[in-house]
Each structure stands twice: as structure tokens, then as C-alpha cells.
Protein chains: 2
Amino acid sequence: MPRIVRTKVEFEGEVRERMAVVEEDHITPWGSGTPLRIVGRSYPRTGGVEVVTGKATYTADVQLPGMLYCRIMRSPHPHAEIASIDYVKAESMSGVRAVLCHANAPGIRWFGDSLLFDRILRYEGEEVAAVAADDEEIADGALSLIRVRYRELPFVVEAEEAMKPGAVQIHPGGNIVGGPDGEVYRRGNVREGFAKADLVVEERYETPAAVHNCLEPHCCVAMWAGDELVLWDSTQHVYGIRNEVAATLGLPLNKVRVISEFIGGGFGCKQGVGKHEIIAALLAKMTGRPVKLALSRRAENLAGGVRHPTIQYLKAGVRRDGTLMALQLRSIANIGAYGMGGSEVGGPIRELYRCPNVLTEQIAIHTNLGPATAFRAPGYMEGMYGLESMMDQIARGLGIDPLQFRLLNYAEKDPMRGVSYSSKHLDKAYRTGASIIGWESRPGGQNAGARRRGFGMASQVWGGGGGPPAYAIVRLNADGTADVLTGTQDIGTGTKTVLSQIAAEELGFKVEDVRVTIGDSRAGPYAPVSAGSMTVPSMGPAVRAAARSAREQLLNLAADLLRVLATELSVKEGKIKSTARPREVAVGEITGRIGDFMIIGQGARGPNPSDAKVRTFGAQFAEVEVDVETGDVTVLRVAAVHDFGRVINPLTLGNQVEGGIVQGTGFALMEERIVDSPTGKALNANLEAYKVPTMLDVPSIESHPIDLPDEICNSIGAKGAGEPPIIPTAPAIANAVFDATGIRIRSLPITRDKLLEEIRRNAAF
Amino acid sequence: MPRIVRTKVEFEGEVRERMAVVEEDHITPWGSGTPLRIVGRSYPRTGGVEVVTGKATYTADVQLPGMLYCRIMRSPHPHAEIASIDYVKAESMSGVRAVLCHANAPGIRWFGDSLLFDRILRYEGEEVAAVAADDEEIADGALSLIRVRYRELPFVVEAEEAMKPGAVQIHPGGNIVGGPDGEVYRRGNVREGFAKADLVVEERYETPAAVHNCLEPHCCVAMWAGDELVLWDSTQHVYGIRNEVAATLGLPLNKVRVISEFIGGGFGCKQGVGKHEIIAALLAKMTGRPVKLALSRRAENLAGGVRHPTIQYLKAGVRRDGTLMALQLRSIANIGAYGMGGSEVGGPIRELYRCPNVLTEQIAIHTNLGPATAFRAPGYMEGMYGLESMMDQIARGLGIDPLQFRLLNYAEKDPMRGVSYSSKHLDKAYRTGASIIGWESRPGGQNAGARRRGFGMASQVWGGGGGPPAYAIVRLNADGTADVLTGTQDIGTGTKTVLSQIAAEELGFKVEDVRVTIGDSRAGPYAPVSAGSMTVPSMGPAVRAAARSAREQLLNLAADLLRVLATELSVKEGKIKSTARPREVAVGEITGRIGDFMIIGQGARGPNPSDAKVRTFGAQFAEVEVDVETGDVTVLRVAAVHDFGRVINPLTLGNQVEGGIVQGTGFALMEERIVDSPTGKALNANLEAYKVPTMLDVPSIESHPIDLPDEICNSIGAKGAGEPPIIPTAPAIANAVFDATGIRIRSLPITRDKLLEEIRRNAAF
């Protein structure tokens, strides 16, 4: 029987208290001593062959009879009013089945006081009209027949400009979200802290707008079956899309089905419903035919969400002995016209170090840019860059080794609430990483010559504790195979693989005998968003609980048939063993005796620990080579040592770490969505001009997870691993660049022009 | 926790003892006094609008990218050996992707010692080769390029010919299945019974091969997703197809998914796997593309299964006072080359009347005809025609009213095992039917003139008790709606509608807030075949059990939130009421407080009663008009009164009764697959020459179900209704024809030529 718990769930750096319905669930966690056969071993990704051979059905591969194709007309201006729109010609074009725009669309509220199709366009790329046609070429042709007269409005794209009195107002409530100091966190008294410090440093850091650039752009196919909507969607949250689409269209929850079997990346920009899902659903309703809507690369860049640019004013006070006395941050996040709020840029400042006096003010600013959305470790990645750059600077200023400086300020308990961690092995991560990279024997930087090598390091803290609600069902078939059903999704991380291992482990089955069904809100029960590094720590315990129930039922059945006590029985490798008898019996031999039958186990994630804080930790160490003549930075090696609790699958975990470091390298050195302030238009809304790392930019990565189970966070001992690896990469690289050159770039990305300008200014060269 | 039970399940007239895993399930049955709000009321069929507007996706409507079309080449001979086959030209034709025939197909065993593609062809229409091509025209063209040299073999198509010594042998084991007397049932001593009888009658009856003629022919689409097979299939048993296909292809059960959302009729011929599913799966594997295979009308007629023709030698002994002393049947079923066995033609003889001495011998004979399969009430329909024709004849011979004669021999208990019935209201059915048709005041038949009216009646007995295994899951959504998931299917009877009523009743929800998902082995748990009239009595209790578990969880949750005792709470019309407080709270208001959550209830069908026999009963009364000049028989009225236990939905139940009577009318008067004995070929393998009733042939039907809950058979009080209505129609009509004309036709269908021949022979005309 289920019960209600009040539990804390960490999501994107924020701890939220929530009520959840969980089942009674007293499963002994898999501890350090638990002998596991399958969990902890590498298995290649389920469906991996389909993915790399092009056989996997992504949303864009869905083809339905009579399906129409939708194209979107987007605003060419950063701020404008639609004076008139004439879509008669487009509508009457042969092969065009429907046109939607503000003149004929239902008045669906979208953001505050704005509408799905609004007369006011607040950024370059905002949706003006949508056409559904027999093919994409016809739809494109029809778009060119829509005549729009725009009344251009003054605009602002820079956050600090938008904060000024008299700035262009994007929304009636003004540009500053919340109060003028935004979201404030305070502990101790920073003024007193700075007063007691021997050294006070103040710096300004900037991080760019970065585009997620998922291999698969946002895409959906909407089909109505009677009064029910079926939506194939590339999403990080099958059930969230179900809930949001139902709410937006006024449908009951059981009349919306969302399917998302293969997803080509999300990184945060596919967490919630976008306009495209609603537009496709409306057009499908109007035409009585299925409608596919895929965003173009340009639309993805302009309207698909970005990591918000930040400006960080960071001040730190430290005693001569290296004790941090005060930290103060004022961060300004440019969230565009429709971003929901700034992310937790202050997170690392608040919680990484044992600092008694902390003040963070997180300000979010509306501008005439596309919406900011979450992007892998939102806030923490940006904030960690500022904090760990400054820590490096202070350590060097005090003449303390940067690693030693961090250990000096190590937080044994959560500095925010004083509670213990469910587990924390950051010290071990520091030492292991230092050993891998050769930190002690590093040359010491700023060596002469054109190509200069340097070493840098940075820390990571992040959530990853997961939590309820998360549900799973495990069914046993008559041939001794199992089906696991959940409504979760795989955004590319190997959800199916990991859940099949957990189920097989708990069932005592072979991993190949377990099949995991995900990505269908009709088939699987509720599962949370795949974000906040919480898929595995949320779904894993739910699957384990369901598998345990199924195993118990199986053993009772076997005991009945074999005429022994269930307590004498166990399952291993798909065979049932009795302590009393020598002979093993295959599971299928037992279940096969009953003809058609099915054992059904269900499980729910239990509550999070009430008296412990669940965090992931880690450290990355980078060795770089800087060509001081060209400004080229080559990242040679990255050693990554993270504490994710138990490692379920070293192979898929390693992929996560590598992907994070590659993406972090891009953030450090090249990624930046550039908007021209005078015109308010994006200059690199494509993958030619927006640079992402290629194979040649990828450093040699040595990843070494700590792999100590967290016996408090949940029953599987694993914390999340999706976001942590991206967090420390950029500051580690920036610190290594300083080590190599003596130049500290406080505005990412560290591009050739920035470096060369500093080199030119610097007499040392 | 589940437990194993040994339970009896009735299937196609046969009682099988089986083991099943059921959950502890002590639900008080809905009895006569239980006030029900939703169960018992008419609701139009869920998805009915989609069906009649052509929006429903039947298997033939499934379109997949890159899908190929398969056509089958079939044997032109009733018995032949393939001497040689040349398919090189066909294979190299542009657009042809694969050809399968005995020369290159894997050696999959199909029936006894035969193969999927066999060198020996045992009936006209047997599969010779299959082509997968880009479209159907290319596939047809390719078939015409396959050159086959046949060595024709002697053949036999008549059962009594095939029984003779020296007859052509279809299989090595001979043509007679089982011993020479087939399946024998004996109680008492018929020889002694006949000796004590005052009147002994012996007759020979014949029933034809009837074709199911589902609106939707057999059709499937096979697609491989990696090592998993997805099969869209028009089937009566989603899980059975999963199991059989997996076994045939050597796949684990969790690597086969069967989908069957809308089905255009089954009537018994879509219960098990056919060659077409395996051929499509093999071709899809060979080509790496999805393959659709739909049988043509001609293939449907030749190879899709038929009701086996029967010859029945029936002998009855009766005392002058009307007491049945002995019944003896020797039935011969022509099951074609690959029919599995004869059906229960002796069933009605064994169990309808309280007769102390009974002997039935059911013989099944292989011939060179297409396979016989189950067809709505297999055996019972044929046997009832013979038995009830003879009862009419005897009653008239004794000068007893036929209805009175039946009541004289009424079985209060099961005559086979002496146990009580879970419920039996056949006597009420007799009286109600007689009253509706005006039996007492009927003119008395054989009136003069060209158009002669007559009245006839017949009884029905059949299973319909259902049983385990049957599983369901009920999920409650945060907005107060519910999802029911089961792996069952709707062969056209309204499964979704009825299950949504049962779930809504038990949950206390509105019926429109409950959505039922069926027809997908991945989404829903195991459900039995939709045959044997057992979908509702099997699935209904499983759904009720799952809904009850969900409701209990909901009330516990509400009690927790409202701070009252759960025992004070109830749900009605989607509102939670407390006995202690006046205010009602909508379910969604409670569930909505918890954010994302899901209550999951699961339920399994409990065991059948061990000490009672579950049967459906009924009687039909027909009024006909016979034109003795043309031989035309017009069925004017049929009164149908059946005891199905509780009526869940009068509307959908009424449709079942009407459909049964229409199909029964066809069987009585026109349906017959005609095979020419000298050539062994079918003469009417199409819907032009094979006659089925049209709207003009449908009588006025007055259906009046008894509607008394069976409080013993299961927790919902309902028995099955799929097959019973077809059983008594033909004998009622035949008896009415006799009443009108004095002519008794003992060979169905009662066609003009048979009637006119008798009329010509009969001096009375």
C-alpha cells in the first residue's frame, strides 16, 4: 500500500520539498560488501547497434499514412509588432492543408501575458506562422507566400543594458525577474568576513550563450486518434510532455500519449513542452491528419533554447593561512524574452567550500533574445568557472598549491545546512586526479617558447540524488524472460542498459533475459524527467523494488512446485537454487510448468533520506598546450575523478564522462552564440559558424570514478552522472591556460583573439 | 502475493483442468442486491466512431517506411508434389526483394511431419511460394514468373470416402485422427436405454463447411527492430500469437511484440498463429524491411479456415411419457489436411438434457481440404442442430409440445458430473421466449397456400465461464482519470467498453474518465484468447480486482490528506465522500495535491468455482414463412432469450445476440463452401458465390437477456455471450420450416433446391 511522504528532491541545483506517493519500500541498500554479479560490469548500450546503423526510429523517422509536414515562419526582427498578416495565398496553394498564425490561432496563453501566436514578437526567430502541407517543399513555398507587415520596435539584447532605467521593456512586469537583487542567499555576514580577511579579490567573469546543438533537433509528430492525441516527441520527459500538453490543450491526462523511444540528445533543452508540440497538435486537429514538425538548425539556434549568458561579479576574502572568510556573488543571467528564470549560478559559491560568510544574488534579465533553457548542469557550470578561476588566482596569490588550498577549505558537512552528506569522496577525487595527471611533478607553468604547457584543476559539486515519484513494473514471462516497463526515456545515456542490469541483478536473471520498455506513457508508469542527473538514482531503485517483488513471487511459486520452503531458494544466472538440494532448476522450467502465466511486480522509488544531503563530487585536472604565437589552446589530457556513488556500468558511465569533458572543452574554448548588439540578430545561427568540438579537439581523457556505493542515498547506492562531468572542465582548462601563460581569461570562451590580445598587452611575451 | 491454483477452464465446449497463478483475490461478487451505477447500463462502443468513419487503424491500415508487400502463390491442386520450382526470374524482377519457397525456406515444422513450405501440397490453396516486393502489383507479377512443375497425386475431399480402407492417405498416420471411434464419451448404457425406450429414432444430419468471412481478412505486418520482432496482427489472441511466433522462430518471449488494436472480426479463425505471420516475419528478416501480408478473399476461403462439415448419426430413445432414455451420436468431422481435431459436436447431446444413457463418438477425418478451425461455438452449433431437430421430431411423434418435451427432460444439475450449476435459468428462457414469440397461440403449422408460416424453437448450452490466467493494471492519473491496461483484444465485441464500465464501477469514477488500453503485448499484461466466450468473464474480474486495489490506495491517500479514516470514505461519480463530513472532494483535487504521482493497482482473475459448473443457456424461437412454390424461406422473427448471468452493457450485448442470429440464419439457409468432389476444387471461393445474409435476410429480432447475476462464477456475475446466440438459430429455423411445411431438411443449409425437391416428392403439396 502506498503512503505519502514529504521528501526533498534536488533538481538543477535546487532542493525542492515535495509530496510524493511511494510504496512501503524497505529494501536494504546494496552496500560495499554486497556481492553483485551484473551491476558494476560493463555492458554495451542496448539498442546501440540500431543507433549506429541508422535503424533506430527517432521521431524524425516516424512516417504515418497521410502525414503532413509543418514549417514555421519566424520573426526576422528582435522586437516587432505584426501590423498585418495575409496568408490567403499561402492557404490556397495546392498541397497546403492549413495555416496558423495570430489571426486564426486559438488564444492559448504561453508565457505570462503572451500567446502561442502573439502579435508582439520579442526575439529574432519567434514563431509568426505555421504551415502544414503535403511535403516540406510545399510548406516552405507557402511560407514565402505569407505577407507580413512588421512594425519594428526598439530592442535590447544585452543584460546589463536591459537592467538600466529607461531600457526597452520586454514584458509589462519589467525586465528584471523578481526583485532588483534577484534570488538572494545569505549565511553569516559577508561584510564582517571581508573585514577579517587578509586578501580580498574582486573579479568579473563572463560566460557565453551556448547552444545545445543536439544531434537531433526538436521534433514531434502529432496524430489524433478520435479524441486522443498521440505525440511522438524528442523529449527528456515523456510524462512531463503528456502533462503539459494535456493542460495546454485542455485534455484529460489519459487522452494524451507521448512516445519517445530514441532521442538524439537533450542536454536540458527538451525538458518541457515547446510551441512546436502544441502547433503540431493544433494543425493535426485542423487537418485531421498527422503532422510532423522538426526544427531546422537555424530555428534550433534561435528558438530551441540556449545556456543563458552570465555576468558574474565575484568577491572573495581569505586569510593568509588560506582560510576562506567570505564569498559574495552577484550574477546576472540573460534569459531572453521567454526564459523562466536564472539558474543556480551561485550554487558552487554557496556549497563547495566551508566558508562561514556567503552572499549570492542571482539576477535574471529579460532581453530580446530567444528563450534560455536548462543546459547540462545549468548555473553550476557557469558559477564553477568563476569560483574555481578565483580559487586558483587566490591560491597562487597566497603561494599555496591550488589543490592544497581546496583541501584547506574542504567542507566535511553541507555548509548551507550543516547536515551530513549521504557520501562524499571529493578528497579522494582530488588525490586520485592529482596522481593520474602528475600534479606534484608538473613543470610549474609559464615555461618559455612558442608552445607552453600548463596544468590546471577544478572541483565539481552537483546534485544527482534523484527521488520519487518514479515507478516501474517487472513482468516475468513463462520462458523465464522478464520485461521491465517504465515511462522513463533515454536521452542518450543508456537508460535501458542500466535498468536492465539492475533488474537482472535483483531478479537473479541473465542480463540478456531482461528487456526494458521505456519512452511510452501508455505502456510504462510515471517516471520523472531525465534531467538533474536523476534518471538512474530515481528509476534504478524503482526498478529494483519491482524486480524484488517479482523475484519473491517467483520463489514462492517455485517453492510451491518444488515442495520446499521459499526461504531455502535463491535465483542466480536464471537458475533457481535450493540450499537443501544440489540440483538447480532453470527459471523457465518452473514458470513453464504453469502454461500461460505472468508474474507482475511493481515498485516505486522510496523517499530520499531526510537527514542527509545527497551530492555528487569530483575533480578534473587538465594539461594544455598554448601556442602563444597563434593563440591556439590544445587540451592534451584531462583526468576526471568523480564520486557518483556506485558505478552501475563503467562503459556507459565512461561515455557520460567523456561527453561531458568534450562539451566542457567546447564551452571553454570555442562555443558561443554571437548576437550582434546593434541589430539584435544572431550571427552564427548554424553549425558552420557556431563551433563545437570535433574529434581533433578531444583531449586524451582518463576517467576514474571513485565507485564507492552511497548506502544512504537510495537502495542501489548510485548517484547521477549526467551533468557532473561537464562542470569542472572549463575552469580546469582556464586555470591550465593561466599556468601555461600567466594569462587569465575571465570571459569564456578562451578564443585566439582574446588570448592574443592579452599576449600582445603582456610585456612578458 | 500470487498463489498457484488448479482450476477448470471451459474452452470451446471442452473443460480443461489447468494450473494458473492467481493473486489472493477475495472480492465479494457483485450480487443481485448490489447497487451498480454503470455496470448494467448501455454505453455506445468505445472507438465506434473511429470504426464507422474509417479512422480506426486496422492491421491493413498500418503503413511503415520502406514497407514491402507480400503475395502468396497457392497450390492449384488438392494434392500434389512439387517436382521442381524455378523462382530465379521472379527474384530478379525489379522491385522484388525476396522469394520464399520450399527450396530456400528454413525447415520450420508446421503440422506433424509437414513443413512451413512443404514439397507436398495437401489442399487447393496451400502455400507454394511467397514474394515480398515494393508494391502489390510487382508481387503479383513476380508470382506469375515462378514456374512450378507439379506431380499431381490422388486426393479425397469427402470425409466418409477418406475413412474407407484404401483411401488416399493425407498424412502417414492415416486419415482418422485418434482411434476409429474418435473421442468417446459414455455414461450409463445406451443399449439398455434403447431397450427400455418406447420410441427409438435414428437420423443422419449434415452440416456444411462454413467460411468465417471476417470483414477483415487475416493480415499482419512484421517488422524487426534489432533482434526484436514487432508484429501487427489481426488476431483473437495477442499473447497467444506472441507465444506461438516466439516458439516457432526460436525467440525469447520478451523479444516478440504483438499489436492488434482494431480487429475486423475473428469468429475463431484468428485464434492461433497462421503461416502468414511466420512468412511475413521471415521475409522481413531476409529483406531488413517491414513486410505486410494480407490474405485475399479467395485465400481466406481456401486457406483461412472453415467450420468443419459434419455428418451426424444420431439415435434417440424415449419413453411414451416423454422421458429421454438414451442418446447416441457418431459424428464425423471433415477437418481438412491440417485441422487439429474435431470440435465438440457431441457436447449438446452429452449435457443439454437429463438423459441417463449417453454415448458420443466424435471422429475427425483428414481430407484434401483447407484446414478446419474453430468457428463461433464450434461443435455445439452443429451438434445442436442435429439434437434439437430430433427433439422436435420426437416431441411431435409423441404428441407432446416441443417446449413441454424439453422441460420434461430439463437438467437441474450437470448430467455429466452431477454437480450444480453456478446458475441456470434455461427454464425462464424457455418461458420468456415462448411468451415473446406467442408460442401458445401459434397457428399450428402446415397451413395451406403458397406462403406457409411456421414456428420452431431450440435450446442453447455453452460455456462462457472464463477463468485465469487474466491480468490487468489500473493506473490513476493526477487529474483523477484512470488508465486500464491489459493485453486482451477486441474482436468486435466491445471489450474496451465493457472493461471501462467495470473499472469505473469499481473505482467510483465516471465511465468517460476511464481509458482502456488493449491489443499490445508490450503495454498490457497477459490476457487469454478472445474465444470460448471468455473475454468478459476472464478479463472483467481481473480489471475489477485491479480497480479495487487502486481505489483502496486512493482512499488511503485521501484519508491521509483529509485527516479522516479511510473507512469513512467512498468514491462515487469521481467524487470522494466522507460519512463524517458533508463536503465532497473531486478525486482530481486529492490526487492533484501531490504533483506528479501515480497509483497503480494490479489484479488477476481468481480461480473458477471448484464445485459448480459454469454454463450459459438460452432458447430461441423462430417464425418463418416458406414459399412452397419458390422454396424461399423468410425468417420473420426470432425471439432470443439467453442466460449470460449479469448483463454489463445491454447495447453491446444486444449487438452480440443480433450478430449471432444473423450468422445463424446464414448457416441455416445459405452458407456453404462448396467443393467439387471430382476435381477437389472449391467452386465458390469468393463472396459472390458464397452467400452470406444481407440486411434483407435479417429477421426482426427480439432479444431479452435474463440478466440475473451469477454469484458463483466470478466476481462480476457475468458469463460470456460471444458464442451462445449463434447456437440455437439454425435448429429453431429448421423446426419452424417443418412446422410450416411438414418437411424436415436434415442437411444444412436449407436451400431452395432441397426444399423444392422434397415438396415435389411430397404428395401433400
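The values are calculated or read from the model by the stated rules, or taken from the named source; none is laboratory data. Keep in mind that this is a model prediction, so the values were computed, not measured. We place every Cβ from the backbone using ideal geometry, glycine too, and count neighbours over all the protein chains shown. Ligands, DNA and RNA are stripped out before the accessible areas are found, and what is left, the full protein with its side chains, is counted by its heavy atoms. Shrake-Rupley method; radii C 1.70, N 1.55, O 1.52, S 1.80 Å.
Positive end of the dipole of the protein assembly as shown (Cβ unit charges, origin at the Cα centre): among B:Gly107, A:Asn254, B:Gln404, the Cα lying farthest that way belongs to B:Gln404.
Farthest toward the positive end of the dipole of the stretch B:466-604, out of B:Thr567, B:Gly588, B:Gly466, is the Cα of B:Thr567, where the dipole comes from beta carbon charges about the Cα centre.
Of all beta-carbon atoms in chain B, the one sitting closest to the axis that brings chain B onto chain A gives B:Ala523, 2, with the distance in whole angstrom. For chain A, the Kirkwood radius over C-alpha pairs fed into Stokes-Einstein at 10 °C and 1.306 mPa s yields D = 58 µm² per second. To put it simply, the accessible area of the stretch B:35-100 at a 1.4 Å probe is 54 percent carbon and sulfur. If you sort the three axes of the alpha carbon gyration tensor as a ≥ b ≥ c, you get a/c of 1.5 or more for the stretch A:226-354 and a/b above b/c, which makes it prolate. Our coupling estimate for the stretch B:391-405, obtained by passing each phi through the Karplus curve with A = 6.51, B = -1.76, C = 1.60 and θ = phi - 60°, is 4, 4, 4, 5, 4, 5, x, 8, x, 10, 4, x, 5, 4, 4 Hz, Gly and Pro reported as x.
Charge dipole of the stretch B:369-453 (Cα centre as origin; +1 on each Lys and Arg Cβ, -1 on each Asp and Glu Cβ, all else neutral): 260 debye, rounded to the nearest 20. Note on the stretch A:466-604: dipole from Cβ charges, positive end direction compared against A:Leu557, A:Ile518, A:Pro537; the farthest Cα belongs to A:Leu557. Amide H contacts for B:Thr616 (H built 1.01 Å from N in the peptide plane; partners 5 or more residues away or on another chain; cut-off under 5 Å): B:Trp462, B:Gly463. With semi-axes defined as the square roots of five times the eigenvalues of the C-alpha gyration tensor, the equivalent ellipsoid of the protein assembly as shown measures 72, 33, 31 Å, largest first. Under a model in which nothing but the beta-carbon of Lys, Arg (+1) and Asp, Glu (-1) is charged, chain B shows a dipole of about 1020 debye around its Cα centre. Put the Cα centre of the stretch B:31-109 next to the Cα centre of the stretch B:698-754 and the gap is 32 Å.
Annotation for the A:B interface, with buried accessible surface near 4800 Å², both sides summed [1.4 Å probe; non-protein components not counted]. Counting only protein chain heavy atoms and rolling a 1.4 Å probe, the accessible areas of A:Met223, B:Met286, B:Met534 rank, largest first, as B:Met286, A:Met223, B:Met534. Within a straight-line Cα-Cα reach of under 28 Å, B:Lys196 can be paired with the following lysines, leaving aside sequence neighbours fewer than 8 residues apart in one chain: B:Lys315, B:Lys413.
Centre-to-centre, using Cα atoms only, the stretch A:458-472 and the stretch B:634-667 are separated by 59 Å. Helices in chain A, meaning DSSP H runs of at least 4 residues, each add -39500 (n - 2.57). Divided by all residues, the mean residue ellipticity at 222 nm is -7500 deg cm²/dmol.
Largest to smallest in accessible area, the residues A:Ser84, A:Ser610 fall in the order A:Ser610, A:Ser84 (1.4 Å probe, all protein chains included). Structural descriptor for chain A: relative contact order 17 percent, calculated from alpha carbon pairs under 8 angstrom and at least 6 residues apart.
Each Lys and Arg contributes +1 and each Asp and Glu -1, all at the Cβ; summed about the Cα centre of the stretch A:466-604, the dipole is approximately 220 debye. Straight Cα distances below 17 angstrom link B:Lys575 to the lysines B:Lys510, with same-chain residues fewer than 8 positions distant left out. Each copy carries B:Arg191; placing its label point 7 Å along the C-beta direction from Cα gives inter-copy distances of 12.0 nm, listed from smallest up.
The heavy atoms of A:Asp479 offer some 60 square angstrom of accessible surface to a 1.4 angstrom probe.
Could you name the lysines whose alpha carbon sits less than 26 Å from that of B:Lys270, not counting residues in the same chain fewer than 8 places away? Filter leaves B:Lys8, B:Lys55, B:Lys255, B:Lys285, B:Lys292, B:Lys496, B:Lys681, B:Lys691, B:Lys719. Rounded to whole numbers, the Karplus 3J(HN,Hα) couplings from phi for the stretch B:102-108 are 4, 6, 10, 7, x, x, 7 Hz, using 6.51 cos²θ - 1.76 cosθ + 1.60 with θ = phi - 60°, and x at Gly and Pro. Summarising the amide proton neighbourhood of B:Tyr421: residues at separation of 5 or more, or on other chains, whose placed amide H is nearer than 5 Å comprise B:Asp414, B:Lys613. Distances from A:Leu565 to itself in the other copies, using label points 7 Å out along the Cα-Cβ axis, amount to 3.8 nm in increasing order. Taken per residue, the accessible surface of chain A reaches 34 Å², heavy atoms only and a 1.4 Å probe. Couplings 3J(HN,Hα) for the stretch B:211-220, derived from phi with the Karplus relation 6.51 cos²θ - 1.76 cosθ + 1.60 (θ = phi - 60°), are 9, 4, 6, 4, 3, 9, x, 3, 7, 8 Hz, where x marks Gly and Pro.
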